[in-house]
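Notes to accompany the following structure.
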Amino acid sequence: MDMEQARYNMVEQQIRTWDVLDQDVLDLLLKVRREDFVPEAHQALAFVDMEIPLGHGQSMWTPKLEARVIQELALRPTDRVLEIGTGSGYLAALLASQALEVVSVDIVPEFTAAAARTLRAHGFENVTLHSGDGARDWPDEAGFDVIVLTGSTPLLSEAFRRRLHVGGRLFAITGEAPAMQAQLMTCAAPGAARSVTLFETCVAPLLNAPHPSAFVF
């Protein structure tokens with residue numbers, strides 16, 4: 001398999017055609033080796049338009065979703081990023097390539113350990129990994145410029161909005177299958193955020209994600 005040709009085809013045939021036109025993002029996807037973050041048993045699928053199983057009921061996002069989210073976040077070199085759901089560590093690598101610092105949390109210790117090895121092996125020194133449950137919040141008094149939830153959540157915890165700096169952006173996929181919406185929220189002022197719906201999609205929920213209170217008659 002010609003990895004470089006497959007990577008180029010992924011960018012041109014999947015990603016560019018899904019309204020990802022930022023050349024910096026496209027160049028980033030050609031640079032960061034996705035196949036190095038894919039489980040060995042599935043490496044032949046590294047550039048296919050599909051979710052790749054990671055175990056524990058979790059999967060890597062499709063390449064086009066990863067790319068679209070990176071573009072929508074408009075990362076800056078000074079950004080401090082929180083990622084909830086490390087998974088393979090690939091999205092953390094993309095985020096770390098454009099931001100100052102990434103804090104990534106996963107509830108599955110095996111994911112954290114494997115991602116730490118892969119990120120370290122590829123020279124990503126600005127990623128701090130934690131094992132823990134971040135579905136509702138991740139205590140960090142310094143706050144963040146960008147927050148990304150890589151699993152869906154039926155109800156988005158207000159705690160994440162409170163951790164955004166002014167001008168900060170939060171990406172979350174909200175709702176329940178089969179109707180989920182990808183949303184980008186921007187903190188306009190302390191306690192005030194505006195939200196736009198980017199597209200519809202469907203991904204596995206975060207473990208222990210909050211749900212709306214059941215209506216009781």
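Every read-out reported here was derived from the displayed coordinates using simple, explicitly stated rules and does not represent laboratory data. Being a predicted model, the structure only gives us computed values, none of them experimental. Neighbour counts run over all protein chains shown; Cβ positions are idealised from the backbone, glycine included.
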Index of the failed condition, Ala142 passing every other in (1) aliphatic (A, V, I, L, M); (2) surrounded by fewer than 16 Cβ atoms within 10 Å (Cβ to Cβ); (3) under 15 Å from the mean Cα position of the chain (by Cα): (3)
Matching residues, the range 136-167, being in a strand (DSSP E or B) and of a type in the set (Ser, Thr, Tyr): Ser152, Thr153
Among the candidates Ile15, Ile52, residue that is hydrophobic (A, V, I, L, M, F, W, C) and over 22 Å from Thr118 (Cα atoms): Ile15
Residues within the range 101-112 that are surrounded by fewer than 24 Cβ atoms within 10 Å (Cβ to Cβ) and either without any contact (Cβ under 8 Å) to a residue 40 or more places away in the chain or among the hydroxyl-bearing types (Ser, Thr, Tyr) (or both), tallied: 4
Elements of type strands (runs of 3 or more DSSP E) in the range 45-133, at least 2 residues being out of contact with any Phe, Trp or Tyr (no Cβ under 8 Å at 6 or more places or on another chain) and among the acidic types (Asp, Glu): 101-106
The range 79-100, residues that are surrounded by 24 or more Cβ atoms within 10 Å (Cβ to Cβ) and closer than 16 Å to Arg161 by Cα: Val81, Leu82, Glu83, Ile84
Some residue of the range 185-202 being within 18 Å of Leu95 (Cβ to Cβ), surrounded by fewer than 19 Cβ atoms within 10 Å (Cβ to Cβ) and touching a residue at least 40 places away in the same chain (Cβ under 8 Å): yes
